[in-house]
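Following: one structure in structure tokens, then a few remarks.
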Amino acid sequence: MFEGWANYYLMVGSSAGALIGLMFVVVTLTAGRDRAEVERGKQLYTSPIVWHLAVILTLSGAAAVPGMSARIFAIATVSLAVLGFGWGVRSAVGIWRRPGAPDSAGFDMFWYGVAPAIVYVGLGIAALGLLAGKEWGTTAIAVGLMALLLVSIHAEWDLVTFLAPIAGTPPPNDQA
């Protein structure tokens, strides 16, 4: 089905897998922070990033499965795109309702919620194209996964550059 795309999916899937590993490092930067703050960050920031990367890893692996039919792959992609769209909307609304840093709420809402949701819409359309037998479907799915990877890299970088400088410092309301 994805003849000639093996190296591409190997590269994209491996990158996603490595970035999932980096998320474990990102999470350790929250050690000692207020539990409610960490839980909110997990729900709106870190877990959605891991979801996006897991979607990339899963679809890259599925693309390499010998005998994978275009129909099964397209159905799986549409399903994951619908769920991913939900994650994006959930993050955007959650950040809008309770911004972690009010001065960056719009930025965070876009990069952690809106941008992934837009990518998932495109990925879902690409999968529907593949399901309908359109030649562009295969390329559009590859573009969608790369876009999702780039959005995830941006979000992960943003988290690291936000958390690293405050790692190990007590939260502002800590009375220790």
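The values are calculated or read from the model by the stated rules, or taken from the named source; none is laboratory data. Just so we're clear, the structure is a prediction, and the values are computed from it rather than from any experiment. Reconstructed Cβ throughout: ideal geometry from the backbone, glycine too, with neighbour counts over all protein chains shown. For the accessible areas, the whole protein counts, side chains as well, though only heavy atoms, and no ligand, DNA or RNA atoms are used. Shrake-Rupley method; radii C 1.70, N 1.55, O 1.52, S 1.80 Å.
Annotation for region 1-73: GluC sites (Glu not before Pro) lying in DSSP loop with at most 16 further Cβ atoms inside 10 Å of their Cβ are Glu3.
Taking all protein chains together, Tyr8, Tyr112 sort by accessible area into Tyr8, Tyr112, largest first [probe 1.4 Å].
Considering only Ser60, Ser47, Ser69, the mean-square fluctuation computed in a Gaussian network model of the chain, springs between alpha carbons under 10 angstrom, is largest for Ser69.
Considering only protein heavy atoms and a 1.4 Å probe, what is the carbon-and-sulfur percentage of the accessible area of region 6-122? That fraction is 72 percent.
Residue separation of Ser104 and Arg90 scaled by 0.36 nm, minus their Cα-Cα distance, works out to 3.3 nm of gained length.
Using a simple spin-label model with pseudo-atoms 7 Å out from Cα toward Cβ, Leu22 and Val82 lie 3.2 nm apart.
Legend: calculated FRET efficiency, Ser14 to Val143, from the Cβ-Cβ distance at R0 = 22 Å, rounded to 0.05, equals 0.75. Among Asp158, Asp103, the sequence by solvent-accessible area, most first, with a 1.4 Å probe is Asp103, Asp158. Computed over the chain, the P(r) tail beyond 27 angstrom holds 30 percent of alpha carbon pairs. Summed over the residues of region 1-43 and divided among them, the accessible surface reaches 61 Å² per residue at a probe radius of 1.4 Å. Pairwise Cα separations in region 56-106 fall into 5 Å bins from 0 onward with the following percentages, short to long: 4, 18, 18, 14, 11, 10, 10, 8, 5, 2, 0. Across region 16-88, Cα-Cα pairs more than 18 Å apart make up 50 percent of the total. Label sites at Glu135 and Thr161, each approximated as a point 7 angstrom past Cα along Cα to Cβ, lie 4.1 nm apart.
Modelled label positions at Val65 and Leu128, each set 7 Å beyond Cα in the direction of Cβ, lie 2.4 nm from each other.
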